[in-house]
Amino acid sequence: MDLQSRNLTVPRGTALFAKYKPGTQVPGPFRELGNTPEFTLAREAETLPHYSSRVGFRTLDEEVAIEATLTGSVTTDDMKAENAAYFFMSEVKTITVTASSNVEETFEEVKAGDLYQLGFNDTNPSGARKVTTVVITDGAATTPATFVLDEDYLLDADLGTVYIPAGSAAIGGSIEVSYSVAASTRDQIVAGETQVEGALKFISNNPIGPQFDITFPRVRLSPNGDLALIMDPESSEWQQLPLSISVMKKGNLALAYRDGRPVA
């Protein structure tokens with residue numbers, strides 16, 4: 001009799017996702033979800049019991065499974081854009097901005113602590129980025145007074161924001177901002193309502209224990225919990241992104257395939 005377990009495992013590995021091509025169930029290339037501190041599966045079955053009531057107490061004499069689900073959850077601390085897109089139920093798009101000049105905006109009733117996002121409107125909810133040649137005046141019709149950078153206002157040109165500090169000469173009045181926008185590109189994720197679907201693969205790399213890989217031909221990823229945008233500076237944790245996994249049937253294929261390593 002073997003009283004010593006020889007199959008203890010310290011689990012480690014890599015999770016990869018192959019998003020389906022638009023309008024199909026054809027997966028593209030597998031791409032790593034990055035470092036995944038947690039990856040768990042849950043298998044549940046609903047059963048239909050049968051009881052014998054012939055004599056005395058009824059007794060359970062049969063039980064069959066009538067429904068089974070396979071789900072999971074994965075947490076990654078790789079905050080690349082495509083992972084963030086899975087959380088926001090969307091995709092990564094590239095925004096291309098063409099250069100423009102002589103843009104003017106007016107802001108009224110200026111107060112200390114106000115922050116103005118240039119170019120902010122319903123057409124461009126993120127506002128203007130990469131602004132240049134910024135000039136801010138009081139907007140007077142005859143001889144407008146020009147406000148001083150880093151004294152009357154603070155400018156973040158990349159984000160396109162203007163901040164009014166305490167003591168600014170602009171407080172209590174209006175400001176007229178004239179600026180240009182440089183050509184640029186950036187990634188953008190617009191929150192949606194569509195779960196991303198594709199194939200999922202887990203490849204083990206266990207320091208102790210047998211090696212294997214699991215292939216899921218069809219899964220859906222969706223957000224699963226909190227995404228911390230600010231954490232205690234003394235926290236010992238990295239930002240993490242949680243996703244839930246719903247394993248679904250694809251044609252005649254099984255829900256999952258667990259393969260050991262091939263041997264000669």
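Every number in this text was worked out from the coordinates using simple rules, so none of it is lab data. None of the values given here were measured: they were computed from a predicted structure. Cβ sites come from the backbone with ideal geometry, for glycine too, and all protein chains shown count toward neighbours.
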Quiz prompt | Qualifying positions in the range 71-87 - of a type outside the set (Gly, Ala, Ser) and buried (at least 17 other Cβ atoms within 10 Å of the Cβ) | solution = Val74, Thr75, Thr76, Glu82, Asn83, Tyr86, Phe87
Self-check item: In the range 91-127, the residues that are closer than 22 Å to Ser174 by Cα and assigned to a loop (DSSP other than H, G, I, E, B)
Solution: Glu108, Glu109, Val110, Lys111, Ala112, Gly113, Asp114, Leu118, Gly119, Phe120, Asn121, Gly127
Quiz prompt | Selected residue (criterion: farthest from the chain's Cα centre (by Cα)) from residues of the range 212-260 that are aliphatic (A, V, I, L, M) and not in a loop (DSSP other than H, G, I, E, B) | solution = Ile214
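Residue-wise test of (1) out of contact with any Phe, Trp or Tyr (no Cβ under 8 Å at 6 or more places or on another chain); (2) over 30 Å from Leu241 (Cα atoms); (3) crowded, with 17+ Cβ neighbours inside 10 Å.
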position: Ala65; (1), (2), (3): yes, yes, no
position: Val103; (1), (2), (3): no, yes, no
position: Phe107; (1), (2), (3): no, yes, yes
position: Pro125; (1), (2), (3): yes, no, no
position: Val131; (1), (2), (3): no, yes, yes
position: Ala170; (1), (2), (3): no, yes, yes
Quiz item: If you check every pair at least six apart or on different chains, which have Cβ atoms under 9 Å apart with a residue in the range 32-60 that is more than 20 Å from Asp78 (Cα to Cα) first and a residue that is part of a loop (DSSP other than H, G, I, E, B) and not hydrophobic (A, V, I, L, M, F, W, C) second?
Solution: Tyr51/Arg58; Ser52/Arg58; Thr59/Ser53
Exercise. From (1) more than 12 Å from Ala170 (Cα to Cα); (2) aliphatic (A, V, I, L, M); (3) in contact (Cβ under 8 Å) with a residue 60 or more places away in the chain, pick out the condition that doesn't hold for Val135.
Key: (3)
Exercise. Tell me which residues, restricted to the range 174-194, are assigned to a loop (DSSP other than H, G, I, E, B) and loosely packed, with under 15 Cβ neighbours inside 10 Å.
Key: Ser174, Ala183, Val190, Ala191, Gly192, Glu193, Thr194
